[in-house]
1. Neighbouring Cβ atoms within 10 Å as the yardstick, rank Glu31, Glu90 fewest first.
2. Considering only the other residues whose Cβ falls under 15 Å of the Cβ of Ala228, what net charge follows from Lys and Arg at +1 and Asp and Glu at -1?
3. What residues from the range 263-280 fall in the zone where the backbone N is under 18 Å from a label point 7 Å along the Cα-to-C-beta line of Asp162?
4. Using the Cβ atoms and a cut-off under 13 Å, what net charge is assigned to the surroundings of Ala247, where Lys and Arg are +1 and Asp and Glu are -1?
5. Using alpha carbons only, what's the Rg to Rh ratio of the range 23-279 with Rh from Kirkwood?
6. Which net charge results for the neighbourhood of Leu278, defined as the other residues with beta-carbon distances under 10 angstrom from its beta-carbon, given Lys and Arg at +1 and Asp and Glu at -1?
7. Which of Thr176, Thr87, Thr79, Thr229 comes first, and how do the rest follow, when ranked by fewest Cβ neighbours within 10 Å?
8. Can you order the peptides 178-188, 40-50, 148-158 by their average number of other Cβ atoms within 10 Å per residue, highest first?
Amino acid sequence: MACVAIERSPLDPAGACCQAVCMNDRVLPLEGVHNFRDYGGYAGADGARLRTGLLWRSAQHGDATDPDLEAIKALQLGTVIDLRGPTEREAKPCRRYPGFAAEVLHHHDETAGLALHVDAAKDAISAAEARQAMEDLYAGIAWRPNLVPMLRRYFEVLEQRDSASLVHCVAGKDRTGFAVAMLHHALGVHPDDIMADYLMTNAAGRIEARIAAGASQIRQRYGAIDDATVRTLMGVEESYLANAFRAIRERHGDLDAYLAEVLGVDAPRIAALRQRYLAA
């Protein structure tokens, strides 16, 4: 069984040791949809655990195969939160199974202009420069003008609906990764587990196929970019999400204040989310 083991620092104030996160328990092994996984199941607030089978995340579904669509149908999704902008949606419309009835929520304007990994590629001529570009973009991800309304809708939907939901963007790693990390924080998931789920992008599903798809997109726009740089752009690193959190703390003091002040997710709404998604 493939597991991502995260070792907690002895200086960690939370004390309890983080458990290994077993990918076989959460990754849906699809052919044409990458990074498709259940992000429930983690230990949350007050000793409770996130429910499974309700919270799903992935990359875009434009290359979904018919068997992929059957597997997705079995999840009985009620809502899909598509964090892509219209240009991205038009370039790669999502395939749906016959009878698809889930409500799809998206923004009428660009949520990122370009996916972060594509945006970062424009000035990256080395893996080190790509890494720096990604870190810089993450420093502003929490306040992207058209992404913030979608993050608000994401939290509203999760608070109000009982059915399973899916959140995705292009690669399912940056905008999606940030959204999921903020929900995990609201549900009381330990920071080590938040980071473990974020980093699982690097090991979940058909990694080489996902990287190849991203490489084609990046090189089509910018020309020859070496493999090491592409891999940096198509992966995630701890420093990316850490940079987003650092920027939030510098501006708002802590993540809870950001949730309340920017996304409108205050203490009563966090309590409602915990009641819905945590089980003893």
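1. Starting with the residue having the fewest Cβ neighbours, the order is Glu90, Glu31.
2. Summing Lys and Arg as +1 and Asp and Glu as -1 gives -2.
3. Zone members listed by number: 272-280.
4. Once all neighbours under 13 Å are counted, the net charge is 0.
5. Using only Cα positions, Rg/Rh for the range 23-279 is 0.94.
6. My count for the surroundings of Leu278 gives +3.
7. In order of increasing Cβ crowding within 10 Å: Thr87, Thr79, Thr229, Thr176.
8. Descending packing order for the listed peptides: 178-188, 148-158, 40-50.
Taken together, the values in this text are just the output of simple stated rules run on the coordinates, not laboratory data. A quick note: this is a predicted structure, and the numbers were derived from the prediction, not measured. With ideal geometry, Cβ positions are generated from the backbone for all residues, glycine too; neighbour counts draw on all protein chains shown.
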